[in-house]
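The values are calculated or read from the model by the stated rules, or taken from the named source; none is laboratory data. On a predicted model such as this, the values are computed, not experimentally measured, just so you know. Neighbour counts run over all protein chains shown; Cβ positions are idealised from the backbone, glycine included. Heavy atoms of the whole protein, side chains included, go into the accessibility calculation; ligands, DNA and RNA do not. Shrake-Rupley method; radii C 1.70, N 1.55, O 1.52, S 1.80 Å.
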Amino acid sequence: MKKSDCAPRLLATLFQFLLLICSASADEPLSADAILDRPPSFRVESVRVRYSHFEQMGIGYQSQAGPARGPGSESLTVEQPQLEIVAKQGKRTTHRLWIPLDVVTAASPDAVDRLHGVDTISHASRINEGGSVDLTTQYRADRETSLFLRGNYHMEEQFRSWALGAGMARSLAEDNAVVVASVYQVYDWFDSFLTNGLRVGHASRSTSNGNLGLTQLLSPTTVAHVNYGVTLQVGELGNTWNSVPLLEGGRSQEHLPTLRHRHAFVARLAQWLPWQGALKAFYRFYLDDWGILAHTWESELYQRMGPRAYLRLNYRFHQQTGADFFTTLSQTSAGLQTADSDLAPLSAHTFGIMTAIDFPLKHIAGHLDIGLERYLRSNGLHASIVSCSLGLRF
Amino acid sequence: MFARLAILTLLADGCGVRPAPVPTPLERPLPRVALQALDGRLQPLPELLGGRAALVSLWAPWCESCVAELPSLMRLAERAKANGGAVVSVAVGESTRPVAEFLAAQGAARTAIYQFVDERFRFADALGEKRVPTTLVVDRRGRVVFAGAALDERALAALRTVLQ
Amino acid sequence: MRWLCVLLGLLSGCAIVPQNRRARLADPIMSFDSDALETYRKSKFYSSREGAAGGDGTPAGGGCSCQ
């Protein structure tokens with residue numbers, strides 16, 4: 001064969017081959033290529049944004065925004081936007097990117113600057129912006145087992161935090177139970193201040209956390225969840241500008257232990273109600289080695305208002321003993337002491353209402369909700385919260 | 001977050017990553033349990049098929065991967081019909097009206113798929129199938145020759161075989 | 001811890017719910033923490049106001065934002 005004949009023959013063979021492929025797929029109407037959707041290798045599954053606004057009024061003895069030996073203002077406002085994007089990579093891997101922001105104006109750190117004429121807490125005392133970038137990747141290893149990794153970086157004006165977590169979920173008993181175990185490590189690094197606003201270098205703390213949880217289906221309409229979490233904290237464990245009123249006048253620095261063991265046990269139950277509703281009950285027992293013992297009860301009542309909307313009413317009651325070294329008037333500036341109202345013996349009620357609507361768009365499932373909450377704490381603090389959310393599922 | 005992961009695992013399991021079911025020739029006869037069509041009439045599946053080979057999908061509107069395979073089933077129904085077969089969809093644990101409304105919202109109200117409900121799970125239980133989605137392939141003699149999870153290449157291969 | 005193990009064992013022996021009977025459980029209103037952003041909002045709020053908050057499922061402490 002002459003070399004010049006070779007090219008046309010090759011082209012003809014190639015054409016016949018392509019024709020064969022095309023005709024084969026055309027002749028096979030039930031082939032997988034013709035019927036099945038091939039999922040993209042990377043797909044954004046959902047995007048959700050939430051915006052929350054808090055208005056808090058209250059007093060606490062740790063705050064210098066008040067009389068020298070009395071409680072100071074704990075008034076603050078918070079604007080809290082959040083963004084969450086969930087994406088699927090292949091069949092087994094899911095990524096969740098979450099970016100929460102907090103914009104806080106608070107009277108308590110503000111007072112440090114105002115009273116002492118310094119600005120060492122700087123801009124943070126007037127408006128403190130904090131934000132995190134959090135990425136969780138979940139990998140479905142097999143039908144029963146999922147593994148996940150979580151990384152988080154948090155930044156505020158005088159505060160940095162790094163966190164890393166890992167865990168495993170395993171389904172048992174014909175998928176009627178799921179056990180989740182996780183560990184989490186956080187390292188915080190931040191500026192340290194005296195109560196007069198003087199910066200004294202940096203402080204840090206380490207937080208190590210382990211959790212073991214079980215979710216169990218009890219019936220086609222009932223599901224229960226229990227979780228035990230242990231947290232160990234080491235380092236500077238307070239806001240360093242918190243003060244303690246002194247009997248002799250003036251204010252002392254807050255002195256907290258540099259170690260804290262915390263244990264929390266949670267039990268939850270969700271029950272479907274025959275009138276298209278659901279009741280959820282929550283109980284939490286907490287104990288730590290600072291002397292705080294707490295019980296928290298919460299219930300949520302859901303009522304569907306048609307297939308696409310529902311209403312939620314919620315109530316929460318929290319009761320805790322105070323830290324062993326809590327005081328509102330200290331006799332000495334030495335030794336462990338705090339006047340932080342969060343560490344006082346207290347009880348708190350939260351009342352809330354929320355309504356949500358799911359709306360279908362073309363190939364997108366939309367979700368919109370808005371909720372109001374009122375928080376009342378027994379030691380002179382109350383807050384109002386409004387929060388709304390928009391979610392799109394693709 | 002962890003509780004959320006757990007409950008998602010519980011619910012998604014039947015719809016997510018499952019081991020490849022072995023397409024064994026089960027040779028089980030289709031149960032003669034009457035299924036309810038969306039217009040309310042009752043009909044046993046063997047009578048409906050009348051000697052045709054079919055792919056039967058057990059599904060539920062709350063199962064995400066069931067809903068995700070709906071467009072594939074619609075394509076398959078058109079082509080199977082042209083080749084003398086049928087695609088039957090059975091919504092388990094559901095009544096007719098919500099399923100009709102759901103399919104209408106999905107743009108799947110008028111298709112070549114035979115739509116039924118199995119409100120009391122009689123059909124699913126008679127087959128011994130406890131999961132959704134479940135995909136069955138039935139030969140011309142009304143025997144179940146393949147049982148798997150979501151619609152996949154193996155189910156299509158089994159359907160091609162019984163249509164030949 | 002021993003009691004937790006016993007509890008887990010007892011609970012996992014409960015009635016089996018077939019996967020196709022989980023329609024009610026799949027309703028979003030039955031989900032625990034169905035909205036992680038709201039869970040964070042609550043968690044942050046309480047952990048900044050109650051010394052006993054945190055430690056359940058996620059670490060207590062970490063990140064101030066001075067609330």
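Quick notes
- Of the chymotrypsin sites (Phe, Trp or Tyr not before Pro) in segment A:217-309, the ones in a loop by DSSP (not H, G, I, E or B) with at most 15 other beta carbons within 10 Å are A:Trp275.
- Rough spin-label spacing in nm, given labels placed 7 Å along Cα→Cβ, for A:Leu218 and A:Glu45: 2.8
- The Stokes-Einstein estimate for segment A:40-393, based on a Kirkwood radius over Cα pairs and taken at 20 °C with 1.002 mPa s viscosity, is a diffusion coefficient of 94 µm²/s.
- Less than 5 angstrom separates the built amide H of A:Arg69 from none of the residues sequence-distant by 5 or more or on a different chain.
- Chain C and chain B together bury an accessible surface of about 1500 square angstrom, both sides counted, with a 1.4 Å probe and no ligands or nucleic acids included.
- Among the listed pairs B:Lys81/B:Lys130; B:Lys130/C:Lys42; A:Lys280/B:Lys130; A:Lys362/C:Lys44; A:Lys362/C:Lys42; A:Lys88/C:Lys42, a Cα-Cα separation exceeding 30 Å is found for B:Lys130/C:Lys42; A:Lys362/C:Lys44; A:Lys362/C:Lys42.
- Summed over both chains, the area buried between A and B is near 2800 Å², taken from the accessible surface of protein heavy atoms with a 1.4 Å probe.
- Estimated [θ] at 222 nm from DSSP helical runs (n ≥ 4, -39500 (n - 2.57)) normalised by residues in chain A, nearest 500: -3000 deg cm²/dmol
- Degrees, to the nearest 10: A:107-116 long Cα axis against longest axis of chain A: 50
- Here the gap between A:Ala281 and A:Trp162, fully extended at 0.36 nm per residue and compared with their Cα-Cα distance, gives a gain of 39.5 nm.
- B:Glu101 paired with A:Tyr315, simple spin-label distance in nm, labels 7 Å along Cα-to-beta-carbon: 3.2
- Residues A:Val183 and B:Leu48, FRET efficiency given R0 of 51 Å [Cβ-Cβ distance, rounded to 0.05]: 0.40
- Helix A:3-27 axis, angle to chain A major axis (alpha carbon atoms, nearest 10°): 70
- Residues of segment A:332-361 with amide N under 18 Å of a point placed 7 Å along Cα→Cβ from A:Asn196: A:333-334
- Heavy-atom surface of segment A:40-393, accessible at 1.4 Å and reported per residue (Å²): 42
- For chain A, with all protein chains in place and a probe radius of 1.4 Å, 66% of the accessible heavy-atom surface sits on carbon or sulfur.
- Cβ-Cβ distance of B:Ala109 and A:Thr355, R₀ of 35 Å, FRET efficiency by 1/(1 + (r/R0)^6): the value works out to about 0.70.
- GNM flexibility winner over chain A from A:Asn379, A:Asn227, A:Asn176 (Cα, springs under 10 Å): A:Asn176
- Heavy-atom accessible surface of segment B:26-163: percent carbon and sulfur, 1.4 Å: 48
- Spin-label pair A:Ser206-A:Glu79: with each label point 7 Å from Cα along the Cα-Cβ axis, the two points sit 3.8 nm from one another.
- Counting, for every residue in A:173-186, the Cβ atoms of other protein chains within 10 Å of its Cβ and taking the mean gives 6.
- Theoretical FRET efficiency, 1/(1+(r/R0)^6), r = Cβ-Cβ of A:Asp324 and A:Arg143, R0 51 Å, to 0.05: 0.55
- With a 1.4 Å probe rolled over the protein heavy atoms of all chains, the accessible area of C:Glu38, A:Glu236 falls in the order A:Glu236, C:Glu38, largest first.
- Solvent-accessible area lost on pairing C with A (1.4 Å probe, both sides summed) amounts to about 6000 Å².
- Percent of beta bridges antiparallel (DSSP, segment B:26-163, rounded to nearest 5): 60
- For segment A:32-39, putting each phi into the Karplus relation 6.51 cos²θ - 1.76 cosθ + 1.60 with θ = phi - 60° gives couplings of 4, 4, 7, 9, 7, 7, 8, x Hz, in residue order, rounded to whole numbers and with x for Gly and Pro.
- Extension gain for the segment A:Thr332 to A:Leu101, taken as residue separation times 0.36 nm less the Cα-Cα distance, is 79.3 nm to one decimal.
- At most 10 other Cβ within 10 Å, DSSP loop - GluC sites (Glu not before Pro), segment B:94-164: none
- Each principal axis of the Cα cloud of segment B:13-164 was evaluated for its coordinate range; sorted largest first, these ranges are 35, 34, 29 Å.
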